[in-house]
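Presented below is the structure to which this report refers.
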Amino acid sequence: MKVGIIGATGKAGRLITEEAVNRGLDVTAIVRNASKLSNKNVKVIEKDIFDLTTEDLSAFDVVVNAFGTPIGQTQPHIDAGRVLIRALSGTDTRLIVLGGAGSLYMDEERTKNSFDVGRVPDFAYEIAVGQAKNLEDLQATTDLNWTFVSPSAFFDADGPRTGNYRIGGDVMLFNTDGESYVSYPDMALAIVDEVERGDYLKQQMTVVSEKN
């Protein structure tokens, strides 16, 4: 399986890349600066996400977008998402987007999401708005096989790899301690699971994990 990983030098992208390589997938890192890659054995496309084209991406079975932006920016996630939608619509390539938790519903009746109940922290608000709009754009497509992966409310960059995680749809999940929590390493495991399985085509999914 050929997998392209956008943002493979970022915190989440690096872990997703490592997990995909460890599972024997044919991985290409899609990055702005190849010198930052920790794994020198993967293939590389050195290109800005905003410049990617159908020609760059359509040979992959799956493209994972782990693109990140600095705090306080809304538009980059929207614009980058639209670049990928244009590039991959009408192709056989699946797109998996690592997004945000703001769009997750808080109840099974789907009456209110994280924005509505004030669960999106101020420091992450602008990014969360951009990620939510990216999801709306994906939901409006008709000829793209996409999956939008939302972390739990606390997405812990320093958390452990436990392998003890659960996957759900568009409603926020909680672990056995009652926390909406997922570590970066466990999120990487869940994303590569979805790369291999394709269980959530044209859907939002979320991941929750234990802390040990």
**Prompt:** Restricting the range 28-87 to residues that are in contact (Cβ under 8 Å) with a residue 40 or more places away in the chain, of a type in the set (Val, Ile, Thr) and farther than 19 Å from residue 188 by Cα, which is surrounded by the fewest Cβ atoms within 10 Å (Cβ to Cβ)?
**Reply:** 71
**Fill in**
Residue pairs qualifying under the 6 Å Cβ cut-off, at least six apart or on distinct chains, with the first in the range 95-112 being touching a residue at least 24 places away in the same chain (Cβ under 8 Å) and the second being in a loop (DSSP other than H, G, I, E, B) and surrounded by fewer than 19 Cβ atoms within 10 Å (Cβ to Cβ), are 102/115; 105/170; 106/112; 106/117
**Asked** Going by the conditions given, is residue 12 among the hydrophobic types (A, V, I, L, M, F, W, C), closer than 17 Å to residue 196 by Cα and surrounded by 22 or more Cβ atoms within 10 Å (Cβ to Cβ)?
**Response** no
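Filter the range 150-163 for residues that are within 18 Å of residue 119 (Cα to Cα) and not aromatic (Phe, Trp, Tyr); which is surrounded by the most Cβ atoms within 10 Å (Cβ to Cβ)? Working first, answer last.
The initial filter retains those residues of the range 150-163 that are within 18 Å of residue 119 (Cα to Cα), namely 150-156.
If we keep only those that are not aromatic (Phe, Trp, Tyr) as well, we get 150-153, 156.
Working: 150: 29, 151: 25, 152: 24, 153: 23, 156: 17.
Taking the candidates together, the pick is 150.
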**Item:** Within the range 77-113, tally of residues that are in contact with a Phe, Trp or Tyr (Cβ under 8 Å, 6 or more places away or on another chain), more than 15 Å from residue 147 (Cβ to Cβ) and either of a type outside the set (A, V, I, L, M) or modelled with pLDDT under 95 (or both)
**Value:** 6
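The values are calculated or read from the model by the stated rules, or taken from the named source; none is laboratory data. Here the structure is a predicted model, which means the values were calculated and not measured. Reconstructed Cβ throughout: ideal geometry from the backbone, glycine too, with neighbour counts over all protein chains shown.
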